[in-house]
Amino acid sequence: MPQPIRVLLIDDEPDFLETVSYWLTSQGYQVALATTGTDALTHIARQAPDVIFLDIVMPRMDGLATLKRLRASNVMTPVVLLTTTGQNPSELIEFQALGIAGVFQKQASLDVFHQVLESALKSRGPSSL
């Protein structure tokens, strides 16, 4: 039996985490949650996920600082940014330079979330599967 795909959700909004983690679990994914960048880095050091969903705007350590620390530690796990409508696309340039696997707008449907997740998983390449 294959290992379930491990998804790490990093966001400071409990309602979003609850909704998405419930859906992911119902679809057979193994889900871990972090509400801060620091918590996420600790979790990743213990068990690397297959894909990371990372909120851009968080208190203390924001998404960009978290992603920079991941990449500096040679963590090349696919990262999908979590955004809200109204965020400026030019803000994403620094994230793109650090190799993101996609962007998900939180207002979109779970069907769109699933499409973004599948695309990010494909970006891992055959050696990770």
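Which one of VAL112, VAL79, VAL116 is surrounded by fewer than 14 Cβ atoms within 10 Å (Cβ to Cβ), under 20 Å from LEU17 (Cβ atoms) and modelled with pLDDT of 90 or more?
Step by step, each of VAL112, VAL79, VAL116 is checked, and only VAL112 is surrounded by fewer than 14 Cβ atoms within 10 Å (Cβ to Cβ), under 20 Å from LEU17 (Cβ atoms) and modelled with pLDDT of 90 or more.
Yes/no matrix, rows are residues, columns are (1) surrounded by 14 or more Cβ atoms within 10 Å (Cβ to Cβ); (2) of a type in the set (A, V, I, L, M, F, W, C); (3) closer than 14 Å to LEU81 by Cα:
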site: ARG6; (1), (2), (3): yes, no, no
site: ASP12; (1), (2), (3): yes, no, yes
site: LEU24; (1), (2), (3): yes, yes, no
site: ALA32; (1), (2), (3): yes, yes, no
site: GLY37; (1), (2), (3): yes, no, yes
site: ILE44; (1), (2), (3): yes, yes, no
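Please work out which residue is modelled with the lowest pLDDT, limiting yourself to the stretch 82-102 and to residues that are at negative phi, surrounded by fewer than 18 Cβ atoms within 10 Å (Cβ to Cβ) and not in a loop (DSSP other than H, G, I, E, B). Only one residue fits best here, namely PRO89. Within the stretch 55-69, the set of residues being surrounded by fewer than 21 Cβ atoms within 10 Å (Cβ to Cβ) and within 18 Å of ALA101 (Cβ to Cβ) comprises ILE56, LEU64, LYS68, ARG69.
Within this structure, ILE52 passes the test of being closer than 14 Å to VAL7 by Cα, among the aliphatic types (A, V, I, L, M) and either at pLDDT below 95 or surrounded by 14 or more Cβ atoms within 10 Å (Cβ to Cβ) (or both).
The values are calculated or read from the model by the stated rules, or taken from the named source; none is laboratory data. Worth saying up front: this structure is predicted, and the values here are computed from it rather than measured. All Cβ positions, glycine included, derive from the backbone under ideal geometry; neighbour counts span all protein chains shown.
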